[in-house]
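Asker: Before we start, here is the structure in question, set down as structure tokens.
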Amino acid sequence: MSALIIDGKKIAAEIREEIKKEVEKLKAEHGITPGLATILVGDDPASISYVKAKQNVAKKLGFYSVQENLPADTSEEELLELIRRYNKDSSIHGILVQLPLPKHINEERVIMEIVPEKDVDGFHPVNLGNLVRGKPTFVPCTPLGVMVMLEKIGCEVEGKEVVIVGRSNIVGKPLAILLFQKSKPVGNATVTVCHTATRDLAFHTKRADILIVAVGKPKLITADMVKEGAVVIDVGVNRIGQTPEGKAILCGDVDFEKVKEKASAITPVPGGVGPMTITMLMKNTLEAAKRMVKK
Ligand code: GUN
């Protein structure tokens, strides 16, 4: 069997069209342009390219967008001060500080400084708390993107064995909560979360009807670790080299070529989860702006 290759780009493009229309409507009816501020500290090449992609999409969809590029030696206080400024800026509805941050900056403090109403990443404890309690406000973009993707391909989730490899705050943890919460159409699963202390990873992954991998280890998941007919979602983005033109060569956490012969559906890297993440950021920012109208 050869799997359905899930086209994240195509699904994301459809949702972006809807967002674009909503942005136009919000402007016409309420005079509000959704505003997104992205803040990058340092010069990590992956982070630079992610932030650039986020800004490009924001502009294409008609958002007001500002980009702050701060040097790697920016102090924590300077960064916090910038966040406070955007917290008060009524033209900005979403603030995103690209992670990871340089080691001398306390990530927790930075996340806490963003007002929950502008935390379009969904990382603030208030937003994460709301998610855990089953009343989500802003949901982290990658987990939300995975959920929307599963819904769009018509993947039945209720009652399924879902195995997530990776327990990060950004992906694994919130995704587990979304998948087991009592909601339709993509909740109500039985979820197992595997991590670095899991004794026999393959034992768990082989049981998965839906396998989601987010650890950042190239080709960690091989075909023998996957059940015949499983749906495989690869969140990993690993830079494994460069083309002669200097473009990064990317690969996921799953051995795509071999696993696609066994899975019923699989996401490629690039072109799978990545475009969905950016689209969900736009969705959250639009939602933040719409909440201004309701106030
Ligand atoms: N670094 C990797 N993924 C993300 C994300 O979704 N948001 C932010 N702010 N930083 C990231």
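The values are calculated or read from the model by the stated rules, or taken from the named source; none is laboratory data. In this text, all values refer to a predicted model and were calculated from it rather than measured experimentally. Heads up, the Cβs are rebuilt from the backbone with ideal geometry, glycines too, and the neighbour counts pull from every protein chain shown. Heads up: the accessible areas ignore ligands, DNA and RNA and are worked out on the full protein's heavy atoms, side chains in. Shrake-Rupley method; radii C 1.70, N 1.55, O 1.52, S 1.80 Å.
Asker: Among 13, 176, 208, whose mean-square fluctuation peaks in a Gaussian network model of the chain (Cα, cutoff 10 Å)?
Answerer: Looking only at 13, 176, 208, the biggest GNM fluctuation is shown by 13.
Asker: As a test of the formula, what do you get for the chain when each DSSP H run with n ≥ 4 contributes -39,500 (n - 2.57) and the sum is divided by the residue count, at 222 nm and rounded to the nearest 500 deg cm²/dmol?
Answerer: Details: 10 runs with 119 residues, N = 295.
Taken over the chain, the calculation gives -12500 deg cm²/dmol.
Asker: Taking a ≥ b ≥ c as the square roots of the eigenvalues of the Cα gyration tensor of the range 76-133, is the shape rounded (a/c under 1.5), prolate (a/b larger than b/c) or oblate?
Answerer: On the way: a/c = 2.13, a/b = 1.15, b/c = 1.86.
Note, shape of the range 76-133 comes out oblate.
Asker: Could you pull out every whole DSSP H run in the chain that spans at least 27 Å of Cα extent along its own axis and averages -0.5 or higher on the Kyte-Doolittle scale?
Answerer: Working: long enough: 8-30 (32 Å, -1.11); 273-294 (31 Å, 0.20).
Those that clear 27 Å and a mean of -0.5 are 273-294.
Asker: When the chain is treated as a GNM, springs tying every alpha-carbon pair under 10 Å, which of 78, 117, 245 comes out with the largest mean-square fluctuation?
Answerer: Between 78, 117, 245, it is 245 that shows the largest mean-square fluctuation.
Asker: Mind running the shape call on the range 170-295? Use the C-alpha gyration tensor, a ≥ b ≥ c as the square roots of the eigenvalues: rounded below 1.5 for a/c, prolate if a/b tops b/c, oblate otherwise.
Answerer: Oblate.
Asker: Which loop trypsin sites (Lys or Arg not before Pro) in the range 104-146, with loop taken from DSSP, have no more than 13 other Cβ atoms within 10 angstrom of their Cβ?
Answerer: Loop-located and lightly packed - 133.
Asker: Which trypsin sites (Lys or Arg not before Pro) in the range 67-108 sit in a loop by DSSP (not H, G, I, E or B) and have at most 16 other Cβ atoms within 10 Å of their own Cβ?
Answerer: Listed in order of number, the matching sites are 103.
Asker: Another one. Mean-square fluctuation check for the chain, GNM, Cα pairs under 10 Å: which of 247, 59, 184 is largest?
Answerer: Checking each option, the largest mean-square fluctuation is seen for 247.
Asker: While we're on this one: Please calculate how many Å² of accessible area the chain carries per residue, with a 1.4 Å probe and no DNA, RNA or ligand atoms counted. Present the calculation step by step, with values, prior to reporting the outcome.
Answerer: On the way: 14210 Å² over 295 residues.
With the other protein chains kept in place, the chain gives 48 Å² per residue.
Asker: Please compare each pair in 52/173; 21/54; 20/118; 10/54; 20/52 to a cut-off of 24 Å on the Cα-Cα distance and tell me which ones are over it.
Answerer: As for pairs spanning more than 24 Å Cα to Cα, those are 52/173.
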